[in-house]
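Quick notes on the structure that follows.
The values are calculated or read from the model by the stated rules, or taken from the named source; none is laboratory data. Predicted model, so just to flag it, every value in this text is computed and none were measured. For neighbour counting, all protein chains shown are included, and Cβ atoms are generated from backbone atoms with ideal geometry for every residue, glycine included. Heavy atoms of the whole protein, side chains included, go into the accessibility calculation; ligands, DNA and RNA do not. Shrake-Rupley method; radii C 1.70, N 1.55, O 1.52, S 1.80 Å.
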Amino acid sequence: MHKPGIIEIQSVVINAARQAGEILSRNWGQAGRIEHKGAINLVTETDRLAEAVIINTLQAHYPDWDILAEEAGQKGNNAENRFIVDPLDGTTNYAHAYPCFCVSIASEQQGVVSLGVIYEPLLNELYTAIKGQGAYLNGKPLGVSPAKYLNDSLLVTGFPYDIREHTGNSLKYFNRLALLSQGVRRDGSAALDLCYVAAGRLDGFWELGLCPWDVAAGSLIVTEAGGSVSHIDDTGFSLTGKQILATNGLIHEELRQALQQAGKIT
Ligand code: IPD
Ligand code: CA
Ligand code: CA
């Protein structure tokens, strides 16, 4: 049986991401019916349309792979190979016609993310990474920023959809880091936040309450661009850990400690 190489898999994933991106651009400003998955957690008809195209494309090429997709959930439960799909990261932005959203697809072999593709269709920006082979934006190598200190850094964060029920430390973190950095953005697409850290446009990103499809592709893109990814409360990182800290590496420890300190403020 033909065993696909990673480059071949990447071209299928890019094709799926571009098709989904075309749907997102075409429907932008007319997202279709909007449903609530929670008080402030939206899903549009376009989320589902884009996801269906991605799943059909991936399954046509790799029928025996598992797929974890945000709206459809997990398909399959035994394969050593899995795709992880967020068809539209930034749904709240999309539903308001705010231009900050993307498609995010990762592939995983035996639990390790091997490839990440993130496509921002309005700017036609395609972020790609293969484990051990670097990260690229539209084919050009990506590198993180040279900022050495929080004081010189532009940061970004996001807030979980259940913030009304469980504020957690999200607001404490935001309040503290707004005073310690040059600014804290809140853009509304975790996958793009990670790409912007990889591209050196931002120096660090943290967020609580994220799911595997929000961070699978982007975390690889950051590390392949030379950055660091961990949890806030320890040094490891797992897709199911529900939190992320991603930086250019140079400010990682300073930001991690600042967040930990902020979390202790009563
Ligand atoms: C959301 C975005 C947002 C983040 C949320 C995510 P979605 O994903 O990444 O930036 O703050 O926590 O759930 O719902 O737009 O795919
Ligand atoms: Ca998402
Ligand atoms: Ca989504």
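About the centre of its Cα atoms, region 150-262 shows a dipole size close to 240 debye [charges on the beta carbon of Lys, Arg (+1) and Asp, Glu (-1) only; nearest 20 debye]. Amide H to amide H, with H built 1.01 Å from N, GLU207 comes under 5 Å of ILE244, counting only residues 5 or more places away or on other chains.
What is region 6-141 by shape, rounded, prolate or oblate, if you read a ≥ b ≥ c off the alpha carbon gyration tensor as root eigenvalues and call it rounded for a/c under 1.5, prolate for a/b larger than b/c, and oblate otherwise?
Verdict is oblate for region 6-141.
Which of the trypsin sites (Lys or Arg not before Pro) found in region 19-56 are loop residues per DSSP with 15 or fewer other Cβ atoms within 10 Å of their Cβ? Write down the numbers at each step before the final one.
On the way: sites: ARG26, ARG33, LYS37, ARG48; in loops: ARG33, LYS37.
Within region 19-56, the qualifying trypsin sites (Lys or Arg not before Pro) (loop, at most 15 other Cβ atoms within 10 Å) are ARG33, LYS37.
For region 98-199, taking Cα atoms only, Rg and Dmax work out to 15.6, 43 Å respectively. Taking all protein chains into account, the per residue accessible area for region 150-262 stands at 38 Å² (1.4 Å probe). Accessible surface for region 6-141, divided over its residues, is 44 Å² per residue with a 1.4 Å probe. Just so you know, the Cα atoms of region 58-137 work out to an Rg and Dmax of 13.8, 39 Å. When the trypsin sites (Lys or Arg not before Pro) in region 118-189 are filtered for DSSP coil states and for at most 12 other beta-carbon atoms within 10 Å of their beta-carbon, the remaining sites are ARG164, ARG186. How many angstrom lie between the C-alpha centres of region 169-202 and region 114-136? Here the two parts' Cα centres lie 20 Å apart. The portion of the accessible surface of region 162-235 made up by carbon and sulfur, rounded to a whole percent, is 45 (1.4 Å probe; DNA, RNA and ligands excluded). Label separation (SER238 vs THR167): 3.0 nm, computed from points 7 Å beyond Cα along the C-beta direction.
Using a 1.4 Å probe on the protein heavy atoms, what percent of the accessible area of region 6-141 belongs to carbon and sulfur? Using a 1.4 Å probe with all protein chains present, region 6-141 comes out at 49 percent carbon and sulfur.
Rounded to the nearest 500, what is the 222 nm mean residue ellipticity of the chain from helices alone, with -39500 (n - 2.57) per DSSP H run of 4+ residues and division by all residues? The partial results should precede the final answer.
Values: 7 runs with 90 residues, N = 266.
Calculated at 222 nm, the ellipticity per residue is -10500 deg cm²/dmol.
Taking all Cα pairs closer than 8 Å and separated by 6 or more residues, the relative contact order of region 149-266 comes to 29 percent. So the label point goes 7 Å from the Cα of GLN19 along Cα→C-beta, right? Which residues of region 43-63 then have their backbone N under 12 Å from it? Label zone hits: 50-62. Proximity of backbone amide H atoms, modeled 1.01 Å from N, is registered between GLU125 and GLU120 at under 5 Å, excluding neighbours fewer than 5 places apart on the same chain. For region 76-92, the Karplus equation 6.51 cos²θ - 1.76 cosθ + 1.60, evaluated at θ = phi - 60°, returns couplings of x, 8, 9, 6, 7, 10, 9, 9, 10, 10, 10, x, 8, 9, x, 4, 5 Hz by residue, with Gly and Pro reported as x.
Within region 26-63, none of the GluC sites (Glu not before Pro) combine a DSSP coil assignment with at most 13 other C-beta atoms in a 10 angstrom radius. Applied to region 12-24, the Karplus parametrisation 6.51 cos²θ - 1.76 cosθ + 1.60 on θ = phi - 60° returns per-residue 3J(HN,Hα) values of 5, 5, 4, 4, 5, 5, 5, 4, 5, x, 4, 5, 4 Hz, with x for Gly and Pro.
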